[in-house]
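The values are calculated or read from the model by the stated rules, or taken from the named source; none is laboratory data. Remember, predicted model here, so these are calculated numbers, not experimental data. So basically every Cβ, Gly included, is an ideal-geometry build from the backbone, and we count neighbours across all protein chains shown. Accessible surface areas use protein heavy atoms only, side chains included; no ligands, DNA or RNA. Shrake-Rupley method; radii C 1.70, N 1.55, O 1.52, S 1.80 Å.
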Amino acid sequence: MGRRGGAGGRLRMGRRGGAGGRLRAGRRGGAGRALGALCALAALAAPLAAGCRVVLKTTDLVASGNSRELRKRDKGEPPNSPGRPPLLVIGLDGVGRRTLYDMLRRGEMPRFAELLGGQAGGKFPHAHLDDRLVATMPSSTIAAWTTAFTGVGPARHGVAGNEFFVREERAFEAPSPTTFNDPASVLSVYTDSALTTLRRSPTVYERMREKDPHVLVWAAMHPVHAGADRLLVTTRTALVDAFEAFAEEQVDKRLKDEESEALYETFDKNVVRAAADELDDDGPLPDVLAVYLSGADLFAHVAEQGPERAQREYMKKVLDPLLGRLTEALKERGALANRYVLVTADHGHTEVLRDDAHALAMEGDDDPPALLRKAGFRLRPFKVKVDRDDDFQAVLAYQGAVAYVYLADRSTCEAKGKPCDWTRPPRFREDVLALADAFHRNNLDGSLVPAMRGTLDLVLAREPRPAEDDDLPFQVYVGGGRLQPLGAYLAEHPHPTYVDLEARLADLAVGRYGERAGDVLLVAHNGDRDRPQDRFYFSATYRSWHGSPSRQDSEIPLIVAHPGKDSAALAAEVSRVLGDRPAQQKFADVMLALRGLL
């Protein structure tokens with residue numbers, strides 16, 4: 001029996017013992033993003049996190065207590081740059097605009113409201129709550145934060161998603177893996193500043209330093225921290241205990257919500273503690289302090305109660321008191337009197353069903369890898385590194401609601417066992433259109449993989465270009481070897497829940513590094529569907545995902561507060577920067593403008 005059943009859900013029979021098969025898939029590929037992040041954070045606390053079963057590099061992190069020095073200041077250099085307004089940047093991973101603003105206006109986060117100068121009745125006379133900012137595509141963590149903190153889209157900064165393939169280097173990059181679990185890969189973001197080597201554009205901190213060379217920047221656990229002076233981390237042994245509980249319970253037994261919430265609370269508590277400890281010292285105050293809190297996102301992915309209720313509970317019980325503590329630490333140093341407070345996020349969340357029927361996963365005979373193989377493509381294994389002589393012709397990278405497919409010129413590697421020449425682009429008709437047609441036909445009739453029938457909203461493709469050239473925009477594959485421009489397709493097939501899709505796809509895929517978004521891009525029925533049972537996603541099983549172009553995933557908060565300015569003045573400052581297209585990359589410009597550097 002195929003996956004479709006009842007109201008659009010998919011039914012499966014006989015797949016490795018039903019739920020047991022999915023459990024094995026989840027353990028291999030996707031405790032995924034949450035497990036990778038947990039293992040990475042746990043490993044910060046000790047040289048060995050037992051649940052990870054690997055020795056992780058932590059020397060650089062624990063050597064100096066709660067911080068890692070990223071930049072040595074020259075002898076005699078001023079300790080900071082107090083002549084310009086200081087900034088506090090709060091990064092709330094995975095918190096959508098509607099949820100956050102509603103809670104603030106209802107008075108459900110009083111300590112957070114205090115930080116923003118809020119008053120009774122949900123009024124914010126000294127803050128502007130902007131309702132226009134839209135996340136990049138895909139609306140996923142690593143691509144989004146890199147976009148926000150470089151000021152350019154993925155086709156220019158080169159970080160296309162949580163995982164992606166760099167074809168000219170034959171390298172699979174996974175700062176936050178989705179198709180497999182590799183905690184060392186996640187940890188390298190903090191131990192080796194791995195995103196520094198992947199991105200191809202300067203960060204906002206590096207741009208600041210061009211005009212303000214003495215600016216002092218601290219980043220607390222933020223994945224994008226190149227150009228900062230100091231990376232604040234957590235070294236608490238409680239993280240090891242939390243990870244070991246997660247590794248044993250979450251994967252095998254599925255923790256109850258209150259147990260899971262406690263794990264993420266530990267992480268966020270230690271991030272705030274690390275920042276507060278640094279502020280307790282008598283040294284110079286940072287001109288820019290960026291604090292990254294990931295618990296609301298991680299909890300939303302797995303909570304039985306669903307992402308909306310889970311995040312509201314977490315923000316009320318955990319984040320609000322923590323932001324209160326951060327406020328107190330700043331006030332004790334007199335560090336809020338003239339400081340702008342900026343709040344933003346990377347994406348929202350969309351509820352999905354945590355079952356094998358809706359997860360377009362990594363193994364078995366009814367998932368995308370099976371379709372690729374039946375279409376005649378040899379697939380790269382799901383792991384960071386493969387042997388140099390592996391002979392794969394296709395690569396899959398998952399971003400939740402979307403997936404990237406990278407293709408080789410199969411004429412260079414027709415015989416099994418012969419490695420492909422990935423420095424060459426694939427052939428347009430024989431490789432790209434051939435695979436696009438396979439996904440398109442199967443989506444209509446299930447002829448190759450019946451269980452995937454009706455799971456995709458869009459199959460996108462484009463004529464390939466050499467890696468060193470600017471890439472063309474994606475178009476919609478409509479069958480019969482034909483592509484239709486996205487704008488024309490959307491005019492004929494309206495998608496009212498999608499936001500600025502054509503321009504956001506151009507930011508992702510049109511430019512020097514646009515090929516990092518693949519040769520074929522698959523968009524699952526996810527953000528275009530009203531009910532969780534009608535939504536699908538590329539990963540192992542979760543209870544919510546993101547990555548789609550929908551409003552739910554894409555509308556993100558932007559709050560700017562200052563104790564000495566009224567909301568109208570702040571709104572005018574923000575509007576001058578955002579202009580008529582409030583894309584996420586403008587966040588870096590907002591930071592520069594508030595420092596008087598734009």
* To do: Please check the chain for the longest run free of GluC sites (Glu not before Pro) that are loop-located per DSSP (anything but H, G, I, E, B) and have at most 15 other Cβ atoms within 10 Å.
  => 109-303
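How large is Rg/Rh for the range 457-574, to two decimals, with Cα atoms and a Kirkwood Rh? Provide the component values of the computation, followed by the final result.
Numbers: Rg = 18.0 Å, Rh = 16.7 Å.
The Rg/Rh ratio comes out at 1.08.
Leaving out ligands and nucleic acids, note down the accessible area per residue over the range 410-455 with a 1.4 angstrom probe, in whole Å². Walk me through the numbers before you get to the answer.
Values: 2170 Å² over 46 residues.
Accessible area per residue: 47 Å².
Provide the three semi-axes, in whole Å and in decreasing order, of the ellipsoid equivalent to the chain as defined by the square roots of 5 times the Cα gyration tensor eigenvalues.
On the way: eigenvalues 295, 127, 118 Å².
Semi-axes from the Cα gyration tensor: 38, 25, 24 Å.
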* To do: Report the label-to-label distance for Asp387 and Asp566 in nanometres (one decimal), using points 7 Å from each Cα along the Cα→Cβ vector.
  => 7.2 nm
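So, R0 is 41 Å and r is the distance between the beta-carbons of Lys374 and Gln305; what FRET efficiency does that work out to, to 0.05?
0.60
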* Structure fact -> Row for the range 510-561, column shape: gyration tensor on C-alpha, a ≥ b ≥ c, rounded if a/c < 1.5 i.e. under 1.5, prolate if a/b over b/c, else oblate; value oblate
* Asked: What do you get when you divide the Cα radius of gyration of the range 401-475 by 2.2 N^0.38 Å, with N the number of residues?
  -> 1.22
* To do: Could you go through the range 508-523 in sequence order and give the Karplus-derived ³J(HN,Hα) for each residue, using 6.51 cos²θ - 1.76 cosθ + 1.60 with θ = phi - 60°, rounded to whole Hz, and x for Gly and Pro?
  => 6, 10, 10, x, 4, 10, x, 5, 6, 8, x, 9, 10, 10, 9, 10
* Structure fact -> For the chain, longest principal axis from Cα atoms; helix 320-332 axis from its Cα atoms; angle between them, nearest 10 degrees, is 40 degrees
* Could you tell me how many degrees, from 0 to 90 and to the nearest 10, lie between the Cα long axis of helix 19-29 and the main elongation axis, the longest principal axis, of the Cα atoms of the chain? => 60 degrees
* Rounded, prolate or oblate (a/c below 1.5 giving rounded, otherwise prolate when a/b exceeds b/c) for the range 354-421 by Cα gyration tensor -> prolate
* Asked: In whole Å, what three semi-axes, largest first, describe the equivalent ellipsoid of the range 337-376 built from its Cα gyration tensor (square root of 5 times each eigenvalue)?
  -> 42, 14, 6
* Asked: What are the residues whose amide H is under 5 Å from the amide H of Asp365, where those residues sit 5 or more places off or on another chain and H is modelled from the backbone?
  -> none
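Within 10 Å of each candidate Cβ there may be at most 11 other Cβ atoms; applying that plus a DSSP loop requirement, which trypsin sites (Lys or Arg not before Pro) in the range 379-485 survive?
Values: sites: Lys383, Lys385, Arg388, Arg410, Lys416, Arg427, Arg429, Arg441, Arg453, Arg462, Arg482; in loops: Lys383, Lys385, Arg388, Lys416, Arg427, Arg453, Arg462.
Sites meeting the loop and neighbour criteria: Lys385, Arg388, Lys416.
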* Asked: With each pseudo-label sitting 7 Å past Cα toward Cβ, what's the Glu430-Ala488 distance in nm, one decimal?
  -> 2.8 nm
* Tell me, what HN-Hα J-couplings in whole Hz come from the Karplus equation 6.51 cos²θ - 1.76 cosθ + 1.60 at θ = phi - 60° for each residue of the range 543-552, using x for Gly and Pro? -> 9, 7, 8, 8, x, 7, x, 6, 4, 4
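Kindly state, to the nearest 0.05, the FRET efficiency for Glu108 paired with Arg581, given R0 = 30 Å and r defined as their beta-carbon distance. Intermediate results must be reported in sequence, preceding the final value.
Working: r = 32 Å, r/R0 = 1.06.
It comes out at approximately 0.40.
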* Structure fact -> Scalar couplings 3J(HN,Hα) for the range 388-394 by Karplus 6.51 cos²θ - 1.76 cosθ + 1.60 (θ = phi - 60°), nearest whole Hz, x for Gly and Pro, are 5, 9, 4, 10, 6, 10, 8
* Asked: What is the set of long-range amide H partners of Asp457 at a cut-off below 5 Å, with H atoms built 1.01 Å from backbone N?
  -> Val523, Ala524, His525
* To do: Compute the acute angle (0 to 90°) between the alpha-carbon long axis of helix 257-280 and the principal axis of greatest extent of the alpha-carbon atoms of the chain; round to the nearest 10°.
  => 40 degrees
